[in-house]
Amino acid sequence: MPTTTSLDPTTRVVRDGGQVTVWHRYGRVSVGDRDRALVAAIGALAGAPVSRDDLERMALDAAGDAADDQVTALARLHWLLDRVAPATVHRAGPPGGPAWLAVTPLTPDVRFTPAAAGDGPVALSRLALLRRRGDRMALESGLAPFRVDLLDGRAVALVGGLAEPARVPDLARALGLDPGLARELVGFLAAAGMTDAADGSADQWAPHELYFHSRSRVGRHDEPFGATFPFAGVRPPVPPVRPSAPGPAVALPRPDLDAVRAADPPLVVAQEGRRSVRGYGPEPMTLEQLGEFLYRVGRVRSVFGPDAARGMPYEGVDRPYPTGGAAGDLEMYVTAHRVAGLPRAAYHYDGWGHRLVRVCADPALLDGLLAGAAQATGGAPAPDALITFTSRFGRLTWKYDAMGYAATLKHVGVAYQTCYLVATAMGLAPCGLGSGDAHLSARVFGLDWHEESSVGEFMIGSLPAWADGTDPALGRPALRAGNDAGWPARAARLLAGARRLRRETS
């Protein structure tokens with residue numbers, strides 16, 4: 001089966017200053033324009049796909065008849081092919097016909113070396129994903145440093161035939177393919193890391209997680225990435241502040257900065273004494289406490305922009321925690337279960353007006369969200385209030401290519417830590433959750449889940465006596481002390497004193 005090679009379409013060949021330079025996304029390669037063998041090879045690679053034999057023949061013809069020149073030409077050709085390897089596309093197909101497969105490197109340090117498949121059974125990698133890319137199907141894997149474009153419907157059928165382990169002769173017979181062609185095509189897939197032979201090194205990864213990891217950072221793909229503003233000029237940006245939902249509203253008490261500053265422990269004490277508390281005191285959290293918590297965690301402090309001169313063609317949002325590009329994509333919803341002075345219901349937190357707007361009072365739906373929180377914590381009691389973080393995804397995807405969802409998860413992490421520190425300083429019981437029901441929360445909050453959906457949950461409530469002043473490390477089995485392991489215990493005692501002072505002065 002003939003295999004051919006050509007330069008990636010994004011590559012440029014430039015003649016200038018006595019040199020021929022191949023510019024590609026990973027760098028450049030230059031040769032003197034008097035090096036006829038390499039100039040001929042570059043010209044061939046920049047045109048229609050060419051076989052390795054034809055490249056060598058062109059280099060030899062351009063080098064002349066002298067044996068030394070021909071040996072040197074071949075050596076230099078192999079040097080050139082190695083240097084431009086990250087920018088070359090390899091194709092395979094039946095003799096005399098168009099290619100069925102095209103393999104594109106996705107990292108600068110890989111070399112594609114196809115080989116025919118062996119006699120043993122082979123299957124598609126469990127990490128491989130088949131999707132439409134432009135006007136063709138593409139086979140990708142979060143593990144593989146290559147992408148395989150399927151240029152013919154029969155190649156798609158071949159990939160489908162590898163859904164379960166099969167021997168190549170049996171597969172060829174089932175698909176009506178020439179056995180030699182099938183062997184070479186499957187070998188192409190194996191060399192690109194798309195068969196089960198590659199799976200052993202990543203057996204702890206789920207396919208979607210590895211693919212997400214590889215595609216939401218640079219280095220393992222060639223797709224557009226970062227602040228490319230893909231929807232600028234297509235549609236306006238999502239508003240910086242979410243319009244308030246219709247419904248009955250509850251104005252929240254606003255804390256006083258001087259009073260908070262006087263009552264709060266130092267940052268290091270809150271940080272060292274922080275712990276997840278999955279239980280609550282006999283008295284419920286108050287509306288005043290909830291108002292202070294939300295004000296310090298999620299209020300909108302200001303909106304600013306646009307500023308085209310600074311590359312910011314949209315309005316930014318300033319909240320107590322940072323977000324990429326001042327996106328302010330996160331919203332907070334409160335499912336109030338046991339808050340003194342607040343009816344049991346689900347509310348949207350209006351961070352601009354510092355108020356709660358009721359969005360749902362259906363007891364069955366509320367119970368479903370709270371039961372999910374209990375399940376995520378291994379059966380902990382329902383919190384006084386469940387905070388659900390949602391993301392208005394368009395705030396990020398209007399600006400960012402490929403990294404928007406990864407950015408919103410980073411924002412959730414920052415928001416969680418802010419919740420922990422504020423709750424600890426206030427003497428509340430905090431606990432971040434690792435999972436939640438995106439479908440149910442969309443029903444409760446009245447959301448279109450692909451436009452705004454839950455991305456994090458956080459439980460909050462009054463602090464039980466058993467958690468006040470105790471070492472956060474207490475009860476951890478086989479605990480091995482590390483660096484200043486006594487700090488959390490000291491911080492817990494200081495926090496208990498600060499809470500007593502806060503109660504006495506409130």
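The values are calculated or read from the model by the stated rules, or taken from the named source; none is laboratory data. Nothing here was measured: the structure is a model prediction, and the numbers come from that model. As a convention, Cβ positions derive from the backbone with ideal geometry for all residues, glycine included, and neighbour counts pool all protein chains shown.
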- For region 295-310, enumerate the residues that are closer than 12 Å to Trp352 by Cβ and touching a Gly at 6+ places or on another chain (Cβ under 8 Å). Gly298, Arg299, Val300, Val303
- Matching residues in region 230-252 - criterion: being charged (D, E, K, R) and surrounded by 12 or more Cβ atoms within 10 Å (Cβ to Cβ): Arg242
- Item | So Arg242, is it charged (D, E, K, R), in contact (Cβ under 8 Å) with a residue 40 or more places away in the chain and not in a helix (DSSP H, G or I) | yes
- What is the residue count in region 83-102 for residues that are over 32 Å from the mean Cα position of the chain (by Cα) and farther than 14 Å from Leu185 by Cβ? 1
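Yes/no matrix, rows are residues, columns are (1) out of contact with any helix residue (DSSP H, G or I) (no Cβ under 7 Å at 6 or more places or on another chain); (2) part of a loop (DSSP other than H, G, I, E, B); (3) within 29 Å of Ala232 (Cβ to Cβ); (4) of a type in the set (A, V, I, L, M, F, W, C):
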| site | (1), (2), (3), (4) |
| --- | --- |
| Tyr295 | yes, no, no, no |
| Val300 | yes, yes, yes, yes |
| Val317 | no, no, yes, yes |
| Gly325 | yes, no, yes, no |
| Met332 | no, no, yes, yes |
| Tyr347 | yes, no, no, no |
| Leu370 | yes, no, no, yes |
- Message: Suppose we keep only residues that are in a loop (DSSP other than H, G, I, E, B) and in contact with a strand residue (DSSP E or B) (Cβ under 8 Å, 6 or more places away or on another chain) within region 93-106. Which one would you say is farthest from Val168 (Cα to Cα)?
- Response: Leu106
- Of those in region 439-461 that are part of a loop (DSSP other than H, G, I, E, B) and either aromatic (Phe, Trp, Tyr) or surrounded by 16 or more Cβ atoms within 10 Å (Cβ to Cβ) (or both), the residue farthest from the chain's Cα centre (by Cα) is Leu447
- Task: For residues that are of a type in the set (A, V, I, L, M), under 19 Å from Asp222 (Cβ atoms) and in contact with a Lys or Arg (Cβ under 8 Å, 6 or more places away or on another chain), scanning just region 142-191, find the one that is surrounded by the fewest Cβ atoms within 10 Å (Cβ to Cβ).
- Result: Leu151
- Task: Residues being closer than 27 Å to Asp258 by Cα and surrounded by fewer than 11 Cβ atoms within 10 Å (Cβ to Cβ): count how many of those fall in region 463-506.
- Result: 4
- Task: Filter region 364-414 down to residues that are closer than 22 Å to Gly446 by Cβ and without any contact (Cβ under 8 Å) to a residue 12 or more places away in the chain, then give me how many there are.
- Result: 3
- Which residues, taken from region 363-406, are over 18 Å from Trp449 (Cα atoms) and either in contact with a Phe, Trp or Tyr (Cβ under 7 Å, 6 or more places away or on another chain) or not assigned by TED's automatic domain parsing to the domain that holds Glu457 (or both)? Pro381, Pro383, Asp384, Lys399, Asp401, Ala402, Met403
